[in-house]
Every structure is written in structure tokens, then in C-alpha cells.
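> The structure is given below, and queries will be raised subsequently.
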């Protein structure tokens, strides 16, 4: 598959030019059958990345910085979320933890009710099966791959000493979202994005490898001073971005007053390139935060 | 009425709830009803000369307009409620049960009158209904709270009048008898009446208390069977649902504990609203099961925990208790903006089973009441020694 896309970030004025290539990997399963991992190569291009985490300026919570990122290497990412059938092969080999009922266990449905730890175990297993290096994407990679399916969680409200201002704004924003039918649906049910990736921001949220961070910013909005990273909590992406404890498999508890939980937790993986898809091949600069 | 004399061996249903649903008791109440109708053939208007007021009920959490205190004399307040049997969705997964409702909402609407007023309810059971319904007012005196005088078949209506002799918030519920009573109540048929003292609400010292808004929260517990796949089953027919839910009800472990009939009915777009400085009266009823309301980040300034207004309200509560089969009332003046969760502080029931409402409160933050002195950040190297120095 070869497609050519021209996309414009209206807010930032950054033009992007991307080339998408679909490819496949073969996995030898325990029953000696071959399992196809369909993945898509997204060629490098610049994009705008809203950082993940909690950010503050002079002690006041603010929107996360918007960063212009220029990738210089191909991102090789699964076309669809890992399915129950795929995940259960890992379970059958006692390399992944069995998921617990009650819902969404038909083999062709996305593997939901998986924790970050489950997803990571699956990546390790898949890597050993293929001889390739599979892992969860970073949040930045996920946002890059999601393209127009990424939901920016910036609130665009002025920094305030009043802690209720952002709280109320976020509540309003989340209240506007339509309630999704939570029952998992077969791959493709939520359509493809401009790169051909399926079901991004549908009703299955996806784990990333990015840790929750707390960072203070200087007056120009640049990270300044010490930051805290909590890797017991990972960034989860979907209809909205959220942060979930790594061992949680079902984050649907209604919570108290802390925002909307993801409907279902699932994942897709990225494959490390031929040694050149490293962090050094990504360039970033801070963009006006609006 | 010679009914009691005619059936001397029967225990009074008031002391024998167990036998209440037996067929001979249905006949017994039918006999009372027939006797009453026969003995009082004239219209209700003829026997009580008081001003009348017709009130249109509104669906909870809202409350119909009313005076908090009144200088007027007692009135007959006329309400009409229609039984609506309809499938209702009780959670985000779309779990559906055959709902039985007063006026189409769960809970049924809150009726507000003043002490000494007469409540005159027309209860309509449309011909489209499948079952007989009735209403037992905990605030009313006699005939099982009216339950014995209001049994209406599909296609019938009844008018019941009772005098509001006690001030407070009180549950009402359907009471067709036997297992049908819990089944109808747990299918949605409960609500509340608020009987205000004629001179308004007072604190322990007699100071008048006023509210800017009133919200009525009706809590329900549901017992929904799961299928072989572990998912909640959905039902549209009571005949299918009732035997299965009854089996679960007998184990007393609810699958859903919710406000306003559904998980999330009072959150998001439907969150309750208030402003800083406003005083809100929260009326909370639970017709079946105990609950522990708590307002996260706020309090109960004045709480009538048992819901009866001639008992002085307790002040400054953190959590209060609603006994199953009763209603309580809490008065609170919001002092900070933000999102407040009002929940049953059995947190399992709140977070896992659904008993959470949100208040969205706008206004100005008060740093004196709360301030984040130092935002979360790395622990300074000398943090411990600093702490010791203090």
C-alpha cells in the first residue's frame, strides 16, 4: 500500500508531507502456524506534539507545551490494536497473564482489559517470536501516528490562582463528549485515519510507554527546574488523553470528581527500526502555546 | 365498616406483613374499598371546604416551585401522577430493565406541601400498563399509608386525600403487596414528599433557614442477573425479569446503586449546579436500603438526618445516614467553586456501583479556606530538616 498525504496543521501553520507504506511481519506461533502482524510505516515528517503530563507556570497549572517535532526516521506501527486471539497465543504459552471476564473476549475483538504490564509482556513475547524488537509506542509516537485522530486536551484558559478554573473547564469539555457504546467492536469498526491505522480514538484506549510527568515551565513556556516522573502511571491515549496506573486493566470506575475514565484499555505496538529509529533522530522545538 | 368483624380469624395486615399478599387479603382490601366507595358516594369537594391549589410536578432532581414558609392557611394541594411502565437503561453498558415509574422518572417527583395541608393525589394507571399499582405515603396516616386504598388496575385511576400532619421529607412507594412490593419499588416506583413547617425550616435555636435551590436525589438499588458470558442481561418484560431479580434480591447484594435511576444520571451535562454563596437543600431518599451521603469538599451545614423537620438539625456534618425506607435533608452553603462529588460514602457503592452525583459550582475561590501553599514538586534535599525545624 502506498499513499501520499498532504496535511496542514491549521493552528500552527506547519505543513506536513507524509508517505505511508504498509508492511507485514510474520510470527511463528506455538502451533507452528504463521501469524501475520500487519504494520504500517509512516515516513518522517514534522508534526505538532502536545506534551503529556501536568505542567505549571509560577505554581499555576497550565496547558502542556506544544512542541514542533521533526521525526527523521520511519515509524513502524501496528495497523490495528492487538486482538484477543493474538494476545491469547501469548497466554497459551504462559508468557502473558490471562485476562479476566466479563466482556469482549471474542477472538476477533481487540484485546481489552489489559494493563500496561500485560501489554509489555506481550511485546516481549512477540519480540522473541519474531526476532524483532516490538514495544509500546511513546506518547509522542502515538500522537504522530494518530494524526487527525489525536484529541488535543489543551483547555486554553488563562492561568489562574483559582484551582477551580481549569477544573471546571476540563469538566465542561469532558461533559461535551458523546457517551460511547463501550462494547468492543471488531477491528476497523471505527475506521482508518489518514495513514491507514484503524480504530484510533474509538472505544478502546491504548497504552503508551510514556511515564506521567510533572514539570514546571519558565515564563516562555519552556521546561525549567526539576521535574518528577512517575512511571507507575503511564499515558493512555484515545478519545481523550488520560493517565492510568500500570497494573490497572479496567479503568472504568466512575471516579469521584477527577474526570472521565477510558472505556476500555487495549494496545498496539511499534517495531524498532533497523537501528536508526532512536530518540536522537527526532528534533523538537517549542511552539507558541495557543 | 364491618369488614374486621366479618373476618375475625384474620390477623390485621398491619401486624402481619407476611400474609399481606395472600389472595384473601386482596379480597379483604377490595372489600374495604368497596365499603368506602359505597359509604361515601359524594365527591371529595363536598366534605372539605378549603382553598385548592393544583401543582404540576417536575422530574427529579428538580423540585416544583413552592413557598418555603407560608402565611396562608391550610389548602388542598392537588397532584396527578401517572404510572409509566417502560424499559429503562440503568448503566453505560446499556443494561435495560423493565422499569415501573411514577410519572416516567426514577425516582418519582418530589411533592412539596406545608404542614396542615391536604395532599390530594390522582393516581392514574393507564390501560397500557401490565400490572396493578398503588401508593404508600410514609407521611400519611392510615390504610397502609394509602396503599390499601389506591390499588389501581390498568385502565383505572384513584383519588386519595391525606392530611400532612408531620413535617419532614418522607418516602412514598408502590405497595401492591407481597414480593410485588419490593419488586415494584426496585423497578423504580418510589419518590418523596416534603412537608415543610408552615413557618419554614429552623435551626436548633429557632433561626429561620432559607435555601436558594432544592434538589431531590432518589437512590435506587438494582439486582440484575448476569448471563453465562458474565455480562448483565437486559430485560423488557417484568414477567421475565422479576423471578430472576428476586432471586438476587434475596441475597441482598445489589449490582447497581444509583441516583436518579441510572449510573451517571447526575454527572457531566446533567451535573447539579450551584454558585458560591448559594444555599442548597439536598433531599435524599432511599426506599429500600441504607445510604451514607457525603459531599466531597463540602459538608452538611444543617442536616435532618432522619428527615423530620421538628427535630433540630445537626450542624457541620461530614457524612450522614439515610435509613432504608426514609428520606433525609441536608442544607449546605457552597463556599468554594469547583466540582463536588455527592456520593454514598460506601465508596464501593459510589465508585463501582454508581452512587455518585456531581455539583458544578461557579464563583470565586477563597484562599483563606484553602490554598495550595506549595504545588507538588520534587522533595527538596533539606526537606526533612526543614520539617524538623518547624
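> Could you check, for region A:170-177, whether at least one of its residues is facing chain B (nearest Cβ under 8 Å), closer than 18 Å to residue A:111 by Cα and modelled with pLDDT under 95?
Within region A:170-177, not a single residue is facing chain B (nearest Cβ under 8 Å), closer than 18 Å to residue A:111 by Cα and modelled with pLDDT under 95.
> Here are B:61, B:74: which of them is touching a helix residue (DSSP H, G or I) at 6+ places or on another chain (Cβ under 9 Å), modelled with pLDDT of 75 or more, outside any strand (DSSP E or B) and not assigned by TED's automatic domain parsing to the domain that holds residue B:350?
Values: B:74 fails: touching a helix residue (DSSP H, G or I) at 6+ places or on another chain (Cβ under 9 Å).
Exactly one of B:61, B:74 is touching a helix residue (DSSP H, G or I) at 6+ places or on another chain (Cβ under 9 Å), modelled with pLDDT of 75 or more, outside any strand (DSSP E or B) and not assigned by TED's automatic domain parsing to the domain that holds residue B:350, namely B:61.
> Moving to a separate point now. Go through (1) over 26 Å from residue B:139 (Cα atoms); (2) in contact (Cβ under 8 Å) with a residue 60 or more places away in the chain; (3) more than 14 Å from chain A (Cβ to nearest Cβ) and name the single condition residue B:243 misses.
It fails just one condition, (2).
> A further question follows. Read through the list (1) modelled with pLDDT of 95 or more; (2) crowded, with 17+ Cβ neighbours inside 10 Å; (3) outside the structural domain of residue B:253 (by TED's automatic domain parsing), then give the number of the only condition that residue B:156 fails.
(2)
> Being touching a helix residue (DSSP H, G or I) at 6+ places or on another chain (Cβ under 7 Å) and either facing chain A (nearest Cβ under 10 Å) or crowded, with 20+ Cβ neighbours inside 10 Å (or both) narrows it down to one residue among B:347, B:353, B:343; which is it?
Numbers: B:347 fails: touching a helix residue (DSSP H, G or I) at 6+ places or on another chain (Cβ under 7 Å); B:353 fails: touching a helix residue (DSSP H, G or I) at 6+ places or on another chain (Cβ under 7 Å).
After ruling out the rest, the residue left standing is B:343.
Here is a yes/no grid of residues against (1) out of contact with any strand residue (DSSP E or B) (no Cβ under 9 Å at 6 or more places or on another chain); (2) within 29 Å of residue B:93 (Cα to Cα):
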{"site": "A:62", "(1), (2)": "no, no"}
{"site": "A:69", "(1), (2)": "no, no"}
{"site": "A:83", "(1), (2)": "no, yes"}
{"site": "A:99", "(1), (2)": "yes, yes"}
{"site": "A:110", "(1), (2)": "no, yes"}
{"site": "A:114", "(1), (2)": "no, yes"}
{"site": "A:129", "(1), (2)": "no, no"}
{"site": "A:137", "(1), (2)": "no, no"}
{"site": "A:145", "(1), (2)": "no, no"}
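> Looking at this structure, is residue A:211 more than 14 Å from chain B (Cβ to nearest Cβ), closer than 17 Å to residue A:143 by Cβ and either outside any loop (DSSP other than H, G, I, E, B) or under 11 Å from the mean Cα position of the chain (by Cα) (or both)?
Details: more than 14 Å from chain B (Cβ to nearest Cβ): yes; closer than 17 Å to residue A:143 by Cβ: yes; either outside any loop (DSSP other than H, G, I, E, B) or under 11 Å from the mean Cα position of the chain (by Cα) (or both): yes.
Here the answer is yes, as residue A:211 does meet what is asked.
> Might you check whether a residue that is more than 16 Å from the chain's Cα centre (by Cα), outside any helix (DSSP H, G or I) and either modelled with pLDDT of 90 or more or within 14 Å of chain B (Cβ to nearest Cβ) (or both) occurs anywhere in region A:115-130? Step through it out loud before you land on a result.
Restricting attention to region A:115-130, the residues satisfying the condition of being more than 16 Å from the chain's Cα centre (by Cα) are A:121-122, A:124-130.
This time we only want the ones that are outside any helix (DSSP H, G or I), so: none.
No: region A:115-130 contains no residue that is more than 16 Å from the chain's Cα centre (by Cα), outside any helix (DSSP H, G or I) and either modelled with pLDDT of 90 or more or within 14 Å of chain B (Cβ to nearest Cβ) (or both).
> Please go through region B:278-310 and pick out each residue that is within 14 Å of residue B:331 (Cβ to Cβ), over 17 Å from the mean Cα position of the chain (by Cα) and part of a loop (DSSP other than H, G, I, E, B).
Result: B:278, B:298, B:299.
> Could you tell me whether any residue of region B:177-190 is more than 14 Å from chain A (Cβ to nearest Cβ), assigned to a strand (DSSP E or B), in contact with a strand residue (DSSP E or B) (Cβ under 8 Å, 6 or more places away or on another chain) and on the phi < 0 side of the Ramachandran plot? Break it down stepwise before answering.
At the first step, the residues of region B:177-190 found to be more than 14 Å from chain A (Cβ to nearest Cβ) are B:177-190.
Then keep just the ones that are assigned to a strand (DSSP E or B); that gives B:190.
Still in the running and in contact with a strand residue (DSSP E or B) (Cβ under 8 Å, 6 or more places away or on another chain): B:190.
Applying the additional criterion that residues be on the phi < 0 side of the Ramachandran plot yields B:190.
Checked against the condition, which is being more than 14 Å from chain A (Cβ to nearest Cβ), assigned to a strand (DSSP E or B), in contact with a strand residue (DSSP E or B) (Cβ under 8 Å, 6 or more places away or on another chain) and on the phi < 0 side of the Ramachandran plot, region B:177-190 yields at least one hit.
> Say we look at region B:360-384 and pick out the residues that are facing chain A (nearest Cβ under 9 Å) and touching a residue at least 24 places away in the same chain (Cβ under 8 Å); which of these is farthest from residue B:273 (Cα to Cα)?
B:370
Yes or no, residue by residue, for (1) within 14 Å of chain A (Cβ to nearest Cβ); (2) surrounded by 13 or more Cβ atoms within 10 Å (Cβ to Cβ):
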residue: B:284; (1), (2): no, yes
residue: B:310; (1), (2): no, no
residue: B:321; (1), (2): no, yes
residue: B:327; (1), (2): no, yes
residue: B:335; (1), (2): yes, yes
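The values are calculated or read from the model by the stated rules, or taken from the named source; none is laboratory data. Here the structure is a predicted model, which is why all the values come from computation and not from measurement. Positions of Cβ are generated from backbone atoms using ideal geometry, with glycine treated the same way; all protein chains shown enter the neighbour counts.
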